[in-house]
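A short worksheet on the structure shown next.
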Amino acid sequence: MKTKAKPNWSLKTKIGLPFVFLACLLFFLAGLFASTLLSQDISDVRPGERVLEAVKKEYNLMPNGETGDDSITDIPFQVLSWWPRALYFPNFATAEQCKAIIDMAKPGLRPSTLALRKWETNENTKGIRTSSGMFISAAEDKSGILDIIEEKIARASKLPRIHGEAFNVLRYELGQKYNSHYDAFSPDEYGPQKSQRVASFLLYLSDVEEGGETMFPFENGMNTDGTYDYQACVGLKVKPRRGDGLLFYSLFPNGTIDPTSLHGSCPVIKGEKWVATKWIRDQEQFD
Ligand SMILES: O=C(O)CCC(=O)C(=O)O
């Protein structure tokens, strides 16, 4: 008797089940990928990055006053500290702008100088600030780059452009540094002042391989027990990165000097540091 051939279930199982399993897995992964893409508002958020204003909006602008304009400014920043009030602005300038500013400054570099306190002389302050630098105003720069940067600094700091001093472009070579100091001038130490520095904006024009950080040794009251050595590179440190900006305020909102705004430049250990500083005053600056 001819027996009915038994279907070969074992062979089908070997081919069919892994195929079905793989197909399901692929569908599942494709679905997961698509739903992740659709739920993203912005495409340039890196994992772990804190974004406060992620959704782009349409703005219905107000009529502006005589000194305002009809644009919206969007400059991303990170609050580094409230004491001192210090803000970090990634990608504030382009690599091309940084290079152009360095090229402008190179021919005019001279040893950096210090504003001297009543009891200080050039002799007894040697070694406090060892960089070289030069001053250049936006009006002197025919390329217009400093004009663009200055306008952006005014928007970032919310302080009018006309309160800014000329840019002080600085170069720190190996081992060069600036001991901790205040940018504001205490009348007790410097005598009566016609105006006061409110804030400082530092635009880093180069990366530095090692060292060269801008430091705030008294951040949030650290190191304030009276034993701080003004050369020591401690506290909150900001690593220079080409194109990034750092804004900090030397005065409290009530106009008195913030003791935690003490800051300096750590020595460069490897590489070279270039930075453009803009000091911003409490009234129009004529220079
Ligand atoms: O170079 C730095 O990081 C700090 C510069 C500075 O303290 C200044 O120019 O007042």
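The values are calculated or read from the model by the stated rules, or taken from the named source; none is laboratory data. Worth saying up front: this structure is predicted, and the values here are computed from it rather than measured. Virtual Cβ from ideal backbone geometry, glycine too; neighbours counted across all protein chains shown.
A Cβ distance below 7 Å, combined with a sequence gap of six or more or placement on separate chains, defines the contacts here; from segment 179-194, residues that are under 17 Å from Thr113 (Cβ atoms) and at pLDDT 95 or above reach residues that are more than 12 Å from the ligand (Cβ to nearest atom) and in a strand (DSSP E or B) in the pairs Tyr182/Ile257. Checking Val169, Val208 one by one, the residue that is assigned to a loop (DSSP other than H, G, I, E, B) and crowded, with 20+ Cβ neighbours inside 10 Å is Val208 and no other.
Of the residues Gln176, Gln231, the single one that is over 19 Å from the mean Cα position of the chain (by Cα), part of a loop (DSSP other than H, G, I, E, B), surrounded by 20 or more Cβ atoms within 10 Å (Cβ to Cβ) and within 15 Å of the ligand (Cβ to nearest atom) is Gln176.
What do you reckon, is Thr260 more than 10 Å from the ligand (Cβ to nearest atom), of a type outside the set (D, E, K, R) and modelled with pLDDT of 95 or more? It would help to see each step written out before you state the result.
Details: more than 10 Å from the ligand (Cβ to nearest atom): yes; of a type outside the set (D, E, K, R): yes; modelled with pLDDT of 95 or more: yes.
It is true that Thr260 is more than 10 Å from the ligand (Cβ to nearest atom), of a type outside the set (D, E, K, R) and modelled with pLDDT of 95 or more.
Here is a yes/no grid of residues against (1) surrounded by fewer than 19 Cβ atoms within 10 Å (Cβ to Cβ); (2) assigned to a helix (DSSP H, G or I); (3) under 18 Å from the mean Cα position of the chain (by Cα):
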{"residue": "Asn91", "(1), (2), (3)": "yes, no, yes"}
{"residue": "Ala100", "(1), (2), (3)": "yes, yes, no"}
{"residue": "Met104", "(1), (2), (3)": "no, yes, no"}
{"residue": "Glu120", "(1), (2), (3)": "yes, no, no"}
{"residue": "Leu146", "(1), (2), (3)": "no, yes, yes"}
{"residue": "Leu159", "(1), (2), (3)": "no, no, yes"}
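From Thr224, Thr214, grab the single residue that is of a type in the set (Val, Ile, Thr), within 14 Å of the ligand (Cβ to nearest atom) and surrounded by 13 or more Cβ atoms within 10 Å (Cβ to Cβ).
Details: Thr224 fails: within 14 Å of the ligand (Cβ to nearest atom).
It is Thr214.
Suppose we keep only residues that are assigned to a loop (DSSP other than H, G, I, E, B) and surrounded by 15 or more Cβ atoms within 10 Å (Cβ to Cβ) within segment 263-287. Which one would you say is nearest to the ligand (Cβ to nearest atom)? Spell out the reasoning first.
In the first step, residues of segment 263-287 are kept if they are assigned to a loop (DSSP other than H, G, I, E, B); the result is 266-267, 271-272, 282-287.
Now restrict to residues that are surrounded by 15 or more Cβ atoms within 10 Å (Cβ to Cβ): 266-267, 271-272, 282, 285.
Details: Cys266: 8, Pro267: 11, Gly271: 14, Glu272: 12, Asp282: 17, Gln285: 16 Å.
Here the answer is Cys266.
Residues in segment 234-257 that are of a type in the set (Ser, Thr, Tyr) and surrounded by 15 or more Cβ atoms within 10 Å (Cβ to Cβ) were compared, and the one that is nearest to the ligand (Cβ to nearest atom) is Ser250.
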